[in-house]
Amino acid sequence: MPRLLIGPVLRHVGTTDATVWVETDAACAVDVLGHTEDTWTVGGHHYALVTIDGLAPGTSVPYEVRLDGEQVWPPLDSSRPASRIRTQQVDATEVRLAFGSCRYQRGAITIDDKHFDDDSLACLSRELTRQDEATWPDGVL
């Protein structure tokens, strides 16, 4: 069975569409929300860009990634919440962005009784799961 090496990475989100990128260890069909693309190969690496259309504006949709029909994301043995595609509002006048790096720094810190890991995006992820989804940022840089 093919394995997921990198991703899913949400490459684009519009008002009614989104694109998810993955790298796998072998050629396969990649499915996200019933939209399927075959991988292509460059330099021995297998990639897929899956375009999902027909989404409703201003909504949040949980999704899974399947390789050749088998769920690989989120991992079945994981307690992680489902990944989500949050489409843009048609009349949005404000966009909230979060900035962070997955690069590890030296040592975690605690500020005002809140623990911050070496990886700021891992910390942000845990904080967001404790908040109402309406307060989440629209994008991450």
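The values are calculated or read from the model by the stated rules, or taken from the named source; none is laboratory data. Bear in mind that the values here come from a model prediction, so they are computed numbers and not experimental data. Every residue, glycine among them, receives a Cβ derived from its backbone with ideal geometry; neighbour counts consider all protein chains shown. With ligands, DNA and RNA removed, areas are computed over all heavy atoms of the protein, side chains included. Shrake-Rupley method; radii C 1.70, N 1.55, O 1.52, S 1.80 Å.
Taking a spot 7 Å from the Cα of T16 along the direction of its beta carbon, which residues of segment 59-75 have an amide N less than 14 Å from it? So the set is 59.
On the chain, 51 percent of the accessible area sits on carbon and sulfur atoms, based on a 1.4 Å probe.
Each of the trypsin sites (Lys or Arg not before Pro) that DSSP puts in a loop and that has at most 12 other Cβ atoms within 10 Å breaks the chain; the longest unbroken stretch is 4-95. A 1.4 Å probe, protein heavy atoms only, puts the accessible area of W136 near 50 Å². Computed on the chain, with alpha-carbon pairs under 8 angstrom and 6+ residues apart, the relative contact order is 19 percent.
Could you size up the charge dipole of segment 1-57 around its Cα centre, putting +1 on the beta carbon of Lys and Arg and -1 on that of Asp and Glu, and report it in debye to the nearest 20? Write out the running numbers ahead of the final one.
Values: 2 positive and 7 negative charges, 28 e Å.
Dipole magnitude for segment 1-57 comes out near 140 debye.
Between V72 and V65, R66, L67, the built amide H atoms are under 5 Å apart, and every one of these is 5 or more places off in sequence or on another chain. With q set to 0.12, 0.19, 0.24 Å⁻¹, the log10 of I(q)/I(0) for segment 5-110, from the Debye formula over equal scatterers at the Cα positions, is -0.50, -1.03, -1.28. Accessible surface computed residue by residue for the chain, with neighbouring protein chains in place and a 1.4 Å probe, gives 65 Å² per residue.
Across segment 1-60, Cα-Cα pairs farther apart than 15 Å form 48% of the total.
Sites count as exposed loop sites when they are GluC sites (Glu not before Pro), lie in a DSSP loop, and have at most 15 other Cβ atoms within 10 angstrom; the longest stretch of the chain without one is 1-63.
What length, rounded to one decimal in nm, is gained on full extension from I6 through to E64, with 0.36 nm per residue of separation minus their alpha-carbon distance?
Length gained, I6 through E64: 19.5 nm.
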